[in-house]
Amino acid sequence: MRIFRTTQGNVIESDGQYFLSASTNWDSFLNRDDLFQALKAEIQSLSPNGDLATLLSKETLAPIVSQEVWASGVTYLRSREARMEESKDAGGGDFYAKVYDAERPELFFKATAARTVGPGAVVLIRRDSKWNVPEPELTLCMASSGKIIGYTIGNDMSSRDIEGENPLYLPQAKSYDASAALGPGVLVLEEPISPETVISIQIKRAGQVVFENSIQINRMKRQLPELASWLFRETSFPHGVFLMTGTGIVPPNEFTLAVGDEVCISIEGIGELVNVVGMR
Ligand code: DO4
Ligand code: MG
C-alpha cells in the first residue's frame, strides 16, 4: 500500500485502486504504529475513485508536515570513498573511514518540512558552491514510537566542495532552503522492505541523460533498524520523523549539477521522485 499527501487530502493506493481517506490531518494519519492494518481496515469502508490517479500526477505534495528530516552518512562504500577523496586536502579523509567502521553511525539533521520539497518542485543548489550533487536515498518513515512504518524516496542535495573543504562545514553543505526532496508517497508494508530493492537515479540536461546509476539497498553496511534505533537515542519525535539512509551512488568527480537539470530517482515499489534543479 502507498499513501500520498495531496492538495485534496490524503490518498491511499492499494493494488492499483485509489481511495480518499476520511482523515484530513497528515500528522495523525501517518503517525500510527499499526499504520498498515489501519489503512487496510479504512479502505474497507471507502469506494475506489479512479480520478485520484490523475490528481496524484499533478497535486502530490511532499509527505511531510510536522516531521523533521534526518540523514545518515557514509553507509555505503561508495560514499566513504567519495568523501575521503573530496576532503583529503583538508585532512578529513580519516574521519569518513572511521565512521564507516564505527559502531555509532553518522546521523545529521537534514531539513525541516519548510526546507523540503515534493515531487515536481525545484531543489536548489547553493550560489556559494561550485560542486553539487543529488544523493538518492531510501528514506525511512518512523512513528513517534521509533517503529519503521514506511519508506519513501529522498534526495539529500549536497555541496561537495563545501563539505570537502572542512568536515565542520557539513551543515552548510547539507541544510539550506530546498536542499531536501521527499516523495512521491510513503510505501507501507506489512513486512520490512526487501534487501534486493533497487534505487536508481537518472539526471537529464536539456533532455539528454548525463548521469545514471543503480544500486541495491543490500549494499548498505548498516541495517535499517540499527539506524532507526540510533536516531531515537535521547531524541524524541512527537509527530514521527523521516530518516534518509545514505547514498550508494555518487557521480564522478567532474560532474556537478547545473540549473535546469532534471533529477529522477526511483525506488522499486515506491515510485519516482522527479525534481528540477534551480538556484536563487
Ligand atoms: O558525511 C557526509 C555526508 C554523507 C552522506 O550524506 C551520505 O553518505 O549519504
Ligand atoms: Mg546523503
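The values are calculated or read from the model by the stated rules, or taken from the named source; none is laboratory data. A quick note: this is a predicted structure, and the numbers were derived from the prediction, not measured. In this analysis, Cβ positions are derived from the backbone assuming ideal geometry, glycine residues included, and neighbour counts consider all displayed protein chains. We work out accessible area using only protein heavy atoms, side chains counted, and drop any ligands, DNA or RNA first. Shrake-Rupley method; radii C 1.70, N 1.55, O 1.52, S 1.80 Å.
Considering only strands (runs of 3 or more DSSP E) fully contained in region 79-142, which possess at least 1 residues that are within 22 Å of F232 (Cα to Cα)? First the steps, then the outcome.
On the way: elements: 106-111, 122-124, 136-142.
Because the criterion is at least 1 residues that are within 22 Å of F232 (Cα to Cα), the strands (runs of 3 or more DSSP E) in region 79-142 that meet it are 106-111, 136-142.
So if I check each of G154, G164, G150, which one is within 12 Å of ligand 2 (Cβ to nearest atom) and not basic (K, R)? Give the steps one after another, and end with the answer.
Working: G164 fails: within 12 Å of ligand 2 (Cβ to nearest atom); G150 fails: within 12 Å of ligand 2 (Cβ to nearest atom).
Testing whether each residue is within 12 Å of ligand 2 (Cβ to nearest atom) and not basic (K, R) leaves just G154.
Please go through region 245-278 and give me each residue that is open to solvent by less than 30 Å² (accessible area, probe 1.4 Å) and of a type in the set (G, A, S), ordered by number.
Let us first name the residues in region 245-278 that are open to solvent by less than 30 Å² (accessible area, probe 1.4 Å), namely 245-251, 255, 257, 261, 263-265, 267, 270-271, 273, 275, 277-278.
Selection gives G246, G248, G271, G278.
Of all residues in region 113-163, which are open to solvent by 20 Å² or more (accessible area, probe 1.4 Å), under 13 Å from the mean Cα position of the chain (by Cα) and of a type in the set (V, I, T)?
V117
When only residues in region 235-247 that are among the polar types (S, T, N, Q) and under 17 Å from the mean Cα position of the chain (by Cα) count, which is nearest to ligand 1 (Cβ to nearest atom)?
Step one: of region 235-247, the residues among the polar types (S, T, N, Q) are 235-236, 245, 247.
Then drop every residue that is not under 17 Å from the mean Cα position of the chain (by Cα), which leaves 245, 247.
Values: T245: 8, T247: 4 Å.
Checked region 235-247; the qualifying residue nearest to ligand 1 (Cβ to nearest atom) is T247.
Considering only residues that are surrounded by 20 or more Cβ atoms within 10 Å (Cβ to Cβ) and within 15 Å of I148 (Cα to Cα), which ones fall in region 186-199? Give the derivation first.
Step one: of region 186-199, the residues surrounded by 20 or more Cβ atoms within 10 Å (Cβ to Cβ) are 186-188, 199.
Residues satisfying the conditions are V186, L187, V188.
Among the residues of region 75-90, what is the count of those that are within 28 Å of V122 (Cβ to Cβ) and open to solvent by 60 Å² or more (accessible area, probe 1.4 Å)? Please lay out each step first, then the result.
Taking region 75-90 as the starting set, the residues that turn out to be within 28 Å of V122 (Cβ to Cβ) are 75-76, 78-79, 82-83, 86.
Then keep just the ones that are open to solvent by 60 Å² or more (accessible area, probe 1.4 Å); that gives 78.
Qualifying residue count, region 75-90: 1.
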